[in-house]
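I have placed the structure first, in the form of structure tokens, so that the comments after it can refer back to it.
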Amino acid sequence: MLNRAINSNFVLLAIHMDILIKNGNIITSEYSVVNDVYIHEGKIHSIGKNLKHSATTRIVDASGKFVFPGGVDPHVHMCLPTPAGPSSDDFRTGSIAALYGGTTTLIDFVTPVKGESLPNALEKRKREAENSLIDYSFHVSPIEWHSGTRNEISDCFSNGITSFKVYLAYRKTVGLCDADFLKVLRTVGELGGIVTAHCELGEEIERLRDYYFSVNKTEPLYHYLSRPAEMESDSVKKAIALAQEAGCSFYVVHVSTKKSLFHIEEAKKKGQQVYAETCPHYLLLNNPPITGSFASAAPYIISPPLREPCDNEALWHAINKNVVSTIGTDHCPFNMEQKRAGANDFRSIPNGAGSIEYRLPLLYTYGVLGKKISINKMVDIFSTMPAKIFGLFPQKGCIAIGSDADIVIWNPDGSHSISLLNQHQHCDINIYNGLSVSGHAEYIVKGGEIAVNNDILFSSISRGRFLKRNRPEL
Ligand code: DUC
Ligand code: ZN
Ligand code: ZN
């Protein structure tokens, strides 16, 4: 049923020609200006008034609309392998959902299996991503340290991977101990790259999880109780100290709690290169129905867990104080059948939820219209800062001459409710189901092609490309 909804919106017709976007209110992270944008051969060719065009140029009237740079989602997991099966979006379905939400670039992950080399895992992951409709890159995850790891990181670096992700949680599978984390930090620091980390105290969490299970506490509630806020913030504090010792730029993924923000702000005040990401769910959701039935609780099994209203507020403030620099979705959808793998043991519920297609409407509605952030700040955290931190700027993340023509024309009129029935992510769960959002993407231009126009996806657009990234521009 969901697939039919997607397919009925496909039109087999590529629109690849010069495009003149007229009279749009161009919003960058720094200013807003009404101007025209001319797109030629996939790039922004000129910006100004009365731009010349040919008889075949497609003219798009953007009067009364916003023109944003295409979104860069720095944190997604397409077909992430788990014991309950892979996360339910692959690169094709996930990139379609991304496009509908104004995201034109994604950064996913390379997670090797034990014993596999990082460059080998990278090549395999590149092949999996070939059916993405939007441009992509990866953070590569060392999950163990051995004599060859240093050279492997260096090899990945030569192939355009300038960020490496470490899990400090998930110690039974992919998580690293502090000593190995420090080795990764030193190696990446010497290369001038950036290390990102999922910060939660891995050993303590595993101990608590196993304890609850051993005393027959098996329900989803115990997922929450085994991951208290301090387990995140203490891990953030420790990780920042190790990054400082190693002299490596550091990025904390999916910050969920006010307690972590304190340590990040302190480090930034001292001049350390530390950056923080949060996700729409940590800004907007709190106190989920975790004591009810399995079916009502399981969609919200996410790590770190959702927190309290005061954490939502603290995260919005942190965006305005530049303590939080980016919004990633941590898009990682699972179907209810997959979640049911943990019906009798909360430790086996696959962690994650999808939201790649809602980042922009949620930020616009609850951030900009809700007067939490300015519209320029929204562009900053949605597109510009992820592009800068992960070495994609100014190819991505801005509306400037020479940049890739990845553009969202946003119609601010109207509102609608997010619905499980017409979502584009490939999943039977939607944690935002029923939430009202304002405005919609009237056009999504990707690499100079019109990819979406008013809910119609032009399915014959070119595929996305693997992006070789530069060092962070900080
Ligand atoms: N947390 C999630 O909820 N899903 C994917 C990985 C993660 O850290
Ligand atoms: Zn994580
Ligand atoms: Zn993640």
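The values are calculated or read from the model by the stated rules, or taken from the named source; none is laboratory data. All of these numbers come straight from a predicted model, not from anything done at the bench. For neighbour counting, all protein chains shown are included, and Cβ atoms are generated from backbone atoms with ideal geometry for every residue, glycine included. All accessible areas refer to the heavy atoms of the entire protein, side chains included, with ligands and DNA or RNA removed. Shrake-Rupley method; radii C 1.70, N 1.55, O 1.52, S 1.80 Å.
Across the range 109-124, a minimum of one residue is classified as of a type outside the set (Phe, Trp, Tyr), touching a Ser or Thr at 6+ places or on another chain (Cβ under 8 Å), over 23 Å from residue 399 (Cα atoms) and within 16 Å of ligand 2 (Cβ to nearest atom).
Of all residues in the range 302-318 being crowded, with 21+ Cβ neighbours inside 10 Å and charged (D, E, K, R), which is farthest from residue 82 (Cα to Cα)? Per the stated criteria, the residue is 311.
Given the conditions (1) of a type in the set (A, V, I, L, M); (2) within 16 Å of ligand 2 (Cβ to nearest atom); (3) under 21 Å from the mean Cα position of the chain (by Cα), and given that residue 229 satisfies all but one, which numbered condition is not satisfied? The single condition residue 229 does not satisfy is (3). Any residue that is surrounded by 21 or more Cβ atoms within 10 Å (Cβ to Cβ) and touching a Pro at 6+ places or on another chain (Cβ under 7 Å) - is there at least one of those in the range 368-382? Yes, the range 368-382 has at least one match. The numbered conditions (1) among the hydrophobic types (A, V, I, L, M, F, W, C); (2) under 15 Å from residue 66 (Cα atoms); (3) crowded, with 21+ Cβ neighbours inside 10 Å are all true for residue 385 except (2). Pairs only if they're at least six apart or on different chains, beta carbon under 8 angstrom, first in the range 187-201 and more than 16 Å from residue 236 (Cα to Cα) and within 11 Å of ligand 1 (Cβ to nearest atom), second modelled with pLDDT under 95 and open to solvent by less than 10 Å² (accessible area, probe 1.4 Å); list them, first residue then second. Nothing qualifies.
Considering the range 21-41, the residues that are within 17 Å of residue 402 (Cβ to Cβ) and more than 24 Å from the chain's Cα centre (by Cα) include one that is surrounded by the most Cβ atoms within 10 Å (Cβ to Cβ), namely 21. Tell me, yes or no, whether the range 285-299 has at least one residue that is touching a strand residue (DSSP E or B) at 6+ places or on another chain (Cβ under 8 Å) and either closer than 22 Å to residue 98 by Cβ or hydroxyl-bearing (Ser, Thr, Tyr) (or both). Taking every residue of the range 285-299 in turn, at least one turns out to be touching a strand residue (DSSP E or B) at 6+ places or on another chain (Cβ under 8 Å) and either closer than 22 Å to residue 98 by Cβ or hydroxyl-bearing (Ser, Thr, Tyr) (or both). Pairing residues of the range 63-79 that are on the phi < 0 side of the Ramachandran plot and open to solvent by 10 Å² or more (accessible area, probe 1.4 Å) with residues that are part of a strand (DSSP E or B) and within 16 Å of ligand 2 (Cβ to nearest atom), at Cβ distances under 8 Å and at least 6 apart in sequence or on separate chains, gives 77/108; 77/109; 77/331. All conditions but one from (1) open to solvent by 10 Å² or more (accessible area, probe 1.4 Å); (2) more than 16 Å from ligand 1 (Cβ to nearest atom); (3) in contact with a Lys or Arg (Cβ under 9 Å, 6 or more places away or on another chain) apply to residue 127; the one that does not is (3). The set of residues in the range 268-308 that are within 16 Å of ligand 3 (Cβ to nearest atom) and without any contact (Cβ under 8 Å) to a residue 40 or more places away in the chain contains only 282.
Determine if the range 65-86 includes at least one residue that is in contact with a His (Cβ under 6 Å, 6 or more places away or on another chain), of a type in the set (Ser, Thr, Tyr) and within 16 Å of ligand 1 (Cβ to nearest atom). The answer is no, given that none of the residues of the range 65-86 is in contact with a His (Cβ under 6 Å, 6 or more places away or on another chain), of a type in the set (Ser, Thr, Tyr) and within 16 Å of ligand 1 (Cβ to nearest atom). Of the residues screened, residue 215 is not one that is closer than 26 Å to residue 114 by Cβ and either open to solvent by 10 Å² or more (accessible area, probe 1.4 Å) or at pLDDT 95 or above (or both). Within the range 96-111, the only residue that satisfies the criterion of being of a type in the set (S, T, N, Q) and open to solvent by 10 Å² or more (accessible area, probe 1.4 Å) is 111.
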